[in-house]
1. Ignoring GluC sites (Glu not before Pro) that are buried or in helix or strand per DSSP, and keeping those with at most 16 other beta carbon atoms within 10 Å, what is the longest stretch of the chain between them?
2. Give the cross-link partners of residue 85 among the lysines, using a straight C-alpha distance below 17 Å as the criterion and excluding same-chain residues fewer than 8 apart.
3. Starting from the amide H of residue 112, placed 1.01 Å from N in the peptide plane, find each other amide H under 5 Å away whose residue is 5 or more places distant or on another chain.
4. So what does log10 I(q)/I(0) come out to for the range 208-304 at q = 0.13 Å⁻¹, using the Debye formula with one equal point on every Cα and no solvent?
5. Using semi-axes √(5λ) of the Cα gyration tensor in Å as the read-out, say which of (1) 36, 22, 19; (2) 31, 28, 18; (3) 63, 21, 18 was calculated from these coordinates.
6. If each residue's Cβ is checked for other Cβ atoms within 10 Å, how do 106, 184 rank with the fewest at the top?
7. Taking only the alpha carbons of the range 126-182, what extent do you get along each of the three principal axes, in Å, biggest first?
8. Can you put 242, 254 in order of Cβ neighbours within 10 angstrom, beginning with the fewest?
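A short reminder: the numbers here are calculations on the coordinates, not readings from a lab. None of these values were measured; they are calculated from a predicted model. Here the Cβ positions follow ideal geometry from the backbone for every residue, glycine too, while neighbour counts run over all protein chains shown.
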Amino acid sequence: MIKRVLLITVGLAMVIVIISMLTLIKIVRTAPEVSETAPVPVLFTVNSGEPFSVIARRLSEEGLIKHRRAVSLYAWLRRYDRQVKAGTYNIARDESPRDIIKKLVMGDIHKVSVTIPEGFMIREIAGVLAAEFSTDSTSITDLFVDPDLRTELNVPGPTLEGYLFPDTYLIPWGSSPREIVRMMVRRLEEVFDDELRKRAREIELSRHEVLTLASIVEAETRLPKELPLVSAVYHNRLRRGMRLEADPTVAYGMGGYKGRLYYKDLEIDSPYNTYRYEGLPPGPICNPGEAAIRATLYPDTTCHAIYFVAEGNGGHIFSLTLEDHLSAIQKVKRSRSAGQDGN
């Protein structure tokens, strides 16, 4: 009799356990009902060292889970409660508790996609970051000229200009501007690899000099096919001991393009005025992309031109002699005048 009662008791206990487990599984697999008017995404931050019980309570308060004790029990049974990663997560209100826990354990934190175009200057990059992360662009610009950060990142010169590699970045939400800057400089170091460093030594240029010349090449043309040609022109000028006479460097010394340059602008006394001073300017005038960097290191060796003029349609006319260059300028002027008359 006692044995029979014991077996019944054990059997009932097992049934209760099974039912409880099935109920628990149903709870963690069931997504909450969401009204059509309810906002779907929620940015939820898990703090470092935060107990899972507190995380579950806050998830419940946000309306992301219903049965926080059941969810905590499930996490404990699966040993997930000690594997949660700190960070900010983008959680949809219709995600099941199991999916939420999986996201927290995998560290699938919310990231913002930020694209920095080739040729952007640091003030333009500061504007992009400020808009994406709702912060003050001035504080970011100040960071770009921070001497301690430049020393940490081994960047010569007065600013980080030229060292913030243009790319599309997936930036973890909550990253500080300093962390973002480190990410961008590290990306440049990845691109400027052993092959490019070796090539720079072959043509007797430092990395800083390569980035400086690449920034000028980047600023001169938006046509990828022209990058090696523009690079060749400047290499040819340097080899002949000529001044670079690059308009973008003058504009940079004046704080950036403000409409157009005038002849009087070419007389300003600035180390970036390559009409007045020989050789390269003190540093980059923008942040060049990989194509411009490679074009600087590998100029078109078949191009012996030392002059070029913009056609007005994005391309340039390259000339070997001053006479041909002046003819090209007149050709461009006639073409523009014809276009204006046609309008």
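1. Numbers: sites that count: 33, 36, 62, 204, 245, 278, 311.
Longest stretch, sites excluded: 63-203.
2. Cα-Cα hits under 17 Å: 102, 103, 111.
3. 171, 173
4. Debye curve over Cα of the range 208-304, log10 I(q)/I(0) at q = 0.13 Å⁻¹: -0.40.
5. Read-out taken from this structure: (3).
6. 106, 184
7. 28, 21, 17
8. 242, 254
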